[in-house]
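Below is one structure, written out as structure tokens; comments come after it.
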Amino acid sequence: MADLLWDDVSCFFDPDSVGLLPDVRVANTSVEDWQAVLDLVAEKGWKCQYSEGEAVLPVPRAESVLSRPADAECPELRVWLSADVLAIFRFHAADEIDFDVDLRELQGQERLDVFCGFLREIGRRLGKPVLMDPEGDYGHPALGFDVEADQIVRLAGPQVR
């Protein structure tokens, strides 16, 4: 059974009203949490690509990525949850794992289920909430993984247009 029904949450996935790239995040993390996510990506066999600027490189250990000089270009890890759904992680800081998804890729129940499954995998691995805020509305999550409920839940009311 689906965590969320598309008809109940489609308003949170409308690029015209909530922005194209919502902020998905896990707060209060550590280098070890980042490494746990990198390990999860490898274990699940999700297609991924790590890059620093234009250079595509093998996925390093989280410790080496997060200990780069402050003025270095921010590396990113692209993870394909399915052929048509991409999450892009950016290694800004150890204390928060954040990534973007393109809402145009998350239309309909099937893709919502893929996305919810991804959030659930990360949340379970870390034992922490994984939250999705509308673009530019940081700190006001619309939905996320609830650790206690062990599922993705709606955290906000419907968007008013």
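The values are calculated or read from the model by the stated rules, or taken from the named source; none is laboratory data. Note that this is a predicted model, so its numbers are computed, not measured. When we count neighbours, we look across all protein chains shown, and the Cβ atoms used for this are built from the backbone with ideal geometry, even at glycine. The protein model used for the area step is the full one, side chains on, heavy atoms only, and it has no ligands, DNA or RNA in it. Shrake-Rupley method; radii C 1.70, N 1.55, O 1.52, S 1.80 Å.
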Item to check | GluC sites (Glu not before Pro) within segment 36-69, DSSP loop, no more than 14 other Cβ atoms inside 10 Å | outcome: Glu54
Checklist entry - When the helices in the chain are scored as -39500 (n - 2.57) per DSSP H run of 4 or longer and the sum is shared across all residues, what 222 nm value do you end up with, to the nearest 500 deg cm²/dmol? => result -8000 deg cm²/dmol
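Taking a probe of 1.4 Å, how large is the accessible area per residue of the chain, in Å²?
Details: 8270 Å² over 161 residues.
Result: 51 Å² of accessible area for each residue.
Starting from 0.36 nm per residue, how many nanometres of slack lie between His92 and Asp14 once their C-alpha separation is accounted for? Let's see the in-between values first.
Details: separation 78, 0.36 × 78 = 28.08 nm, distance 2.67 nm.
Taking His92 through Asp14 to full extension adds about 25.4 nm, to one decimal.
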Checklist outcome for this item: Given unit charges at Cβ for Lys, Arg (+) and Asp, Glu (-), the dipole magnitude of the chain about its Cα centre in debye, nearest 20, is 280 debye
Item to check | Net charge dipole size for segment 82-161 [Lys, Arg +1 and Asp, Glu -1 on Cβ; Debye, nearest 20] | outcome: 120 debye
Checklist outcome for this item: Across 10 Å bins beginning at 0, the whole-percent shares of Cα-Cα pair distances in the chain come to 10, 42, 35, 12, 1
Checklist entry - For the chain, which whole-number percentage of the solvent-accessible area (1.4 Å probe, protein heavy atoms only) is attributable to carbon and sulfur atoms? => result 48 percent
Checklist entry - What accessible surface, in Å², does a 1.4 Å probe find on Asp39, ignoring ligands, DNA and RNA and rounding to the nearest 10? => result 60 Å²
Item to check | Top positive-direction residue, dipole computed over segment 68-107 with Cβ charges, set Ala83, Leu103, Ala70 | outcome: Ala83
Checklist entry - Which order do Val31, Val41 take by accessible area at a 1.4 Å probe, largest first? => result Val31, Val41
Item to check | Simple Cβ-charge dipole of segment 25-98, Lys/Arg +1 and Asp/Glu -1, about Cα centre, in debye nearest 20 | outcome: 220 debye
